[in-house]
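Shown next, in structure tokens, is the structure this report addresses.
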Amino acid sequence: MNKRRLLKVAVASAVPAAMLWTAQTMAVDVAISGFIREEAAYRIGQEPNPSLRGSAYAKGPQTNTVRGNPVSEATYAAFTGQDVTNPASWVLPPAQFQKEDFNNDERWNLMATRAEVDFNLKFNENWTGFVKVRGYYTADIIDEYGKPNNFKTNMTGLNGDCGNRLEVCDRNYMIDLPAAYLDYNNGPLWVRVGNQQIAWGEALFFRVADVANGLDLRRHSFLDYASEEYADERTPSPAIRMSYNLTQQWEVETFLQMFQPTIHPRSGSPYAFINSPYQIRDDIGFDDYEDFVNGGIRFNGQFDQLGLQFFMVSRHNPDPVYRWGAGGQTALDPAFGMINGQVFSEQVFRASGLPGSPVPEGGGTYGSADWMGGAALGGLDGVEALNVLGRDFPFIGGFLTNIAGVSAMLDPSGQGMLPNADIANGIWATNVQEALPVFDMFFSILGDLDADIISSYPAENVFGAGGNYIFYAEPDTLLDQLVVRFEATYTPDRKWTNNVARDPLTQNEWITALAFEKYHRFSQNYPATFFSLQWMHKTASDFVGRPLSTIGGTVTKRATGKPKGWLGDGWDGFSFAFQQPTPDLKWRYDFSVLYDIFGGYLIQPAVRYKPSAAWTVETYATWMYAKNTESVFAPIEWTDEVGMRVGYQF
Amino acid sequence: MHIRKYDFDYSRRHFLDQMRRGVLATGVLAPLWPTIARGGDISGVYPDELMSIEAYTKGKIHTGDIIDAGNVEHVKDLLDPIRYHQIAQMGRRLEIIDTTREAMKLSPWEYVEATLRNQGQAVFDADGNVTTREGKPWIGGNPFPDPKTAIEIFAGITLTWGRRDASFYAIKEYDIGPQGEVEYLYELCWAELAPVGRTVLEPKPYWPGHEDKLRYQSVFFVKPNDVKGTSFLNIWPYDQRQFPDLFGYIPAFKRVRRFPTNQRFEPLIPGSSLYLSDAWTAGDPFLTWGNYAIVGRGPTLAAISRNWNGTHENWEHTTHGGPQGNTFWDMKVELVPEAIVVDAEPVGFPKAPISKKRVWFDARTLAPLAMVSFDRRGEIFRSFDGAGSLYTDGANTVYDGAHPYASWTRVHAHNVQTNRMTRLEQVKRISGGYEMSANAPDLYDRFLTESAIRRLGN
């Protein structure tokens, strides 16, 4: 561990260390509780995760569009050093790329053991503390070119190889402290110092005001029991949080928190949603941001039936913006020489299976269909992504320019493969017909490819407001005690992944949520049924943060951008949920639906059984549907599963 | 020779005659409340048959006896139907002690003082709320110590549950299934604070700026792990036509959210037989209930004194009865000379599972002794009975200031239709170091704000 990391770990560990020391040296009330739980999920859908095993989106023979086109065949011959004047002598690439199918049809998505132990400490009436230790072990239920890495991220942690600052991990387990803080309370003042999660807002599942923390999706993605919202996912981080009751009506709350980003499922792990040939390098990305501090302030007010909140958060967005990283595969530098001032290893791609590539041969993206399909699932414009590569990597830009020039020379009409290129402005391909043979040229020359994507976390200011109001009507009628909640945020100049370009996409964004909640008794014999209906509207990105302007592509179509939403522009989603407990609350039946206006839904029925204080059994089924790649569910549509959790608490 | 001035059935005839005439005047031989006001001793207010279990049972039961299935018939008329059933059929036992004669030992001292000081000043305003004659919120103590109507009795208990400006109870809850197993064990805290009608905490009688509130009350759970941190904050408007504001911290959501508050007839946690509506038998604003009626008068058996177990370091209590010997608390009961039985119906809750509740109040204190509720078919549904005490046993005393702490010690909530029992006991301390306290001046900031339940939620 280097000195810098040692210092950071020491800072992050200061609060728990102080608590341990204090607990040992003075009279402290310590209450210990916890649970151990087996968690399993079994896939009931037909398709496996397409983001595993070398882009399983495309399998078997894939058309090589270099073939059958005299100009592209001639260009290929030229680039491979063949005699362009003698077509009969050309050794052309295969007419079809053979995309190997590594799918083993494993059915278990999750097989894990979770243990959590809580320590509640009371030092005196003013000082208390809380430490939660979370341990999570997952069995090796899939095998993608060897044992999968579920947790190691090389971002931070006690050994520097994990995702959170107070975490130790290996590829199949993680142990962390999602909470380790001290509370000081004196009159209207409350201060919380230490590792903690911060959740703002009242909308459930729709994250509008819930902007303080990112999400750690390494365990069960966000596919847990829907009624638990993001309790297990919010990433904790060292923070100082303060609250002060200004008056009976108004409270001010503020926080300063060390930046901690969202952590996506690791490539090759069961719930990965980034195509497996592309390695998430948030270890590189995080290095530039780990010293930053996010801050926010919020005013909460309550006036009879009306509750209000106003807040502002200045932060680095924990949700990553991705850009390509240099591939670093030096093995091919001599073969390609210098192009546009760069060698092969300075551009993005690696030839899979060759030295310097972490991906075995056949595990990379192979063929234009594979490329376009993977891009579409990821919410990217596969055609524009080609131009991005050319602009951000002179090596590729030079290569593309050469293709444009050489193919034009070899084309009797003079147009070549990229007839509409505006090279001065960094545009080579303008439509999918132009892009496909170019991609296939790459794949024909290099074979299957893999690459790194590097995360960044741009700064932004989020301004928000919200309110709630309870309506009263005749007792026990449908409108009686109906709770209406509204939240809105405005973020100027928010940044998104821009087809993996170095320069992110920038746009102002409004996010709003309107929620109706109701407890309604249908019978005198059963407790009230809880209903929740929510509507979310986003003006620039969808539910999972994909910019609307780059979604909608297919294998044969570049992204067309957002279709019309419910209100015209923007993304709209609706959620509906209900919970019905039995009279003794031993059983509870849940049902949740998330509907994407662009054509998709998630449905999750669930049953919770609590036969005794110690045992809890929960089971649920999750179904997803995506009409096309415009739907937020497209990358995870495969995740139809039945889950079960059996927990014992002490 | 001792000449009995009144024959054995005099008191019975007295109560029946008053019921027939629709008159409520507490006391039999003398008016009750003026006697209490003169010195607190109720000797002379009731005839011997109402002050002595021996006299009432004509020697069949004596002080020190145990009431059980073998002798319960002798006191059947002194028990509500569910307690009778529990003793006759389920192995419940009650130990008989002598009747407490000093009224000051039955309620918090300052509460009784305020009741005496402020008597005669309470009226109902046009909306049905209790105010002073000047139209201001109530100023402390029982507003109607010498009640004439049923709603006056319910107004008194609803206005101040714990009879103290600030109460913090450390509670253990045991939920017992039909087979007698303790299926669930919870540890929780209950905090309540009066912003009006204050008798001890300054400023009094009102907390400036909070005069439109009747009560701040929170409940939060500290054990077991899956409910730990679950917290609810009720803010009661003074206007009893309105429901409290309810805020909740649910650990899964990691934040405080506002909840509707009309679901008051279902347990908060799995396995429990206790409803929010059950609190002090008056858990809802009293104007959301209606058809209050006095339906009975007469003596009863209740655990109202000497029921604190100071010999246990954490004030925990022993049990007996039921299939596993742990369904009922061991309790000491005494003959309460006069109970007022009141019926009320949940007119503001059309879909409530109960059709009415029947509550027994001690005429001396107007504190609830027991409650039985009926389902919509009119069948007996649930019962609620408890034990109260001064927290002193001679050797050990807990003070709430200058005087011994007077409070509840144990509660039964029994669903007789499912035969599930919830037992509560007030203990000294529970997990996390939370300790009982009385009239703590900082209760509001520690437990009764949104930020407080957010902090408690972990």
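Each value in this text was obtained by applying a stated rule to the coordinates, not by laboratory testing. All values reported here derive from a predicted model rather than from experimental measurement. Because the Cβ atoms are built from the backbone with ideal geometry, glycine has one as well, and the counts that use them run over all protein chains shown.
Quick look at the values:
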read-out: Shielding by partners - mean other protein chain Cβ count within 10 Å, residues of A:475-486; value: 3
read-out: D (Stokes-Einstein, µm²/s), Kirkwood Cα radius, the stretch B:372-427, 0.692 mPa s at 37 °C; value: 248
read-out: Surface/4 estimate of mean projected area, convex hull on alpha-carbon atoms of the stretch B:267-360, nm²; value: 8.6
read-out: Within 10 Å of each Cβ in A:282-292, the average number of Cβ atoms from other chains; value: 0
read-out: Among the listed pairs A:LYS122/B:LYS254; A:LYS122/A:LYS610; A:LYS122/A:LYS152, those beyond 24 Å (Cα-Cα); value: A:LYS122/A:LYS610; A:LYS122/A:LYS152
read-out: Of all DSSP beta bridges in the protein assembly as shown, antiparallel share, percent nearest 5; value: 95
read-out: Whole-number percent relative contact order across chain A, with pairs defined as alpha carbons under 8 Å at least 6 apart; value: 13
read-out: Dimensionless Rg/Rh of the stretch A:117-242 - Kirkwood Rh, Rg from C-alpha atoms; value: 1.02
read-out: Ratio Rg/Rh, restricted to chain B and using Cα atoms, in which Rh is the Kirkwood radius; value: 0.94
read-out: Proximal aspartates and glutamates relative to A:LYS99, as straight alpha-carbon distance under 20 Å, when same-chain residues fewer than 8 apart are discounted; value: A:GLU47, A:ASP143, A:GLU144, A:GLU361, A:ASP370, A:ASP440, A:ASP448, A:ASP450
read-out: Using θ = phi - 60° and Karplus 6.51 cos²θ - 1.76 cosθ + 1.60, couplings along the stretch B:31-42 (whole Hz; Gly, Pro as x); value: x, 5, 5, x, 5, 4, 5, 6, x, x, 8, 9
read-out: Relative contact order (%) - chain B, alpha-carbon pairs under 8 angstrom, separation at least six; value: 17
read-out: DSSP beta bridge pairing in chain B, given as percent antiparallel to the nearest 5; value: 95
read-out: The stretch A:177-221: Cα Rg divided by the 2.2 N^0.38 Å rule of thumb; value: 1.45
read-out: Average other protein chain Cβ within 10 Å of Cβ, residues A:518-524; value: 5
read-out: For the stretch A:467-619, average projected area of the Cα convex hull in nm²; value: 13.2
read-out: Axial C-alpha extent at least 18 Å, average Kyte-Doolittle at least -0.5 - helices from chain A (DSSP); value: A:394-410, A:432-446
read-out: Coordinate range along principal axes, alpha carbons of the stretch A:258-357, Å, largest first; value: 74, 34, 20
read-out: Positive-pole candidate from A:TRP638, A:GLN197, A:SER352, dipole of chain A, charges at beta carbon; value: A:GLN197
read-out: Kirkwood-based Rg to Rh ratio, the stretch B:1-119, C-alpha trace; value: 1.01
read-out: D_trans [Stokes-Einstein, Kirkwood Rh over alpha-carbon pairs] for the stretch B:118-227, 25 °C, 0.890 mPa s, µm² s⁻¹; value: 153
read-out: Amide H contacts of A:GLY416 (H built 1.01 Å from N, under 5 Å, at least 5 apart or other chain); value: A:ASP411
read-out: Under Karplus coefficients 6.51, -1.76 and 1.60, residue-wise ³J(HN,Hα) of the stretch A:319-333 in Hz, glycine/proline x; value: 7, x, 9, 9, 9, 5, x, 5, x, x, 8, 6, 4, 9, 4
read-out: Cα gyration tensor shape of the stretch B:65-145, rounded if a/c is under 1.5, else prolate or oblate by comparing a/b with b/c; value: prolate
read-out: Relative packing of peptides A:277-285, B:364-372 - highest average C-beta neighbours within 10 Å first; value: B:364-372, A:277-285
read-out: Highest average packing first - A:216-222, A:499-505, A:362-368, Cβ atoms within 10 Å; value: A:362-368, A:216-222, A:499-505
read-out: ³J(HN,Hα) computed for each position of the stretch B:242-251 - Karplus, 6.51 cos²θ - 1.76 cosθ + 1.60, integer Hz, glycine/proline x; value: 9, 7, x, 7, 10, 10, x, 10, 9, x
read-out: Sequence ranges A:389-398, A:598-607, B:155-164, ranked by mean other-Cβ count within 10 angstrom, highest first; value: B:155-164, A:389-398, A:598-607
read-out: Distant alpha-carbon pairs in the stretch A:358-440 (separation over 17 angstrom), percent; value: 49
read-out: Amide H contacts under 5 Å for B:LYS213, placed H, 5+ residues apart; value: B:TYR238
read-out: Normalised contact order of the stretch B:1-122, rounded percent, pairs of Cα under 8 Å and 6 or more residues apart; value: 20
read-out: Label-point separation in nm, A:SER314 to A:LEU479, each point 7 Å along Cα→Cβ; value: 4.5
read-out: 222 nm mean residue ellipticity, helices alone, for the protein assembly as shown (DSSP H n ≥ 4; -39,500 (n - 2.57); rounded to 500); value: -4000 deg cm²/dmol
read-out: Cysteines not pairable in the protein assembly as shown (beta carbon separation under 4.7 Å absent); value: B:CYS189
read-out: Cα-based convex hull volume of chain A per residue, rounded to whole Å³; value: 161
read-out: Cα-based convex hull volume of the protein assembly as shown per residue, rounded to whole Å³; value: 163
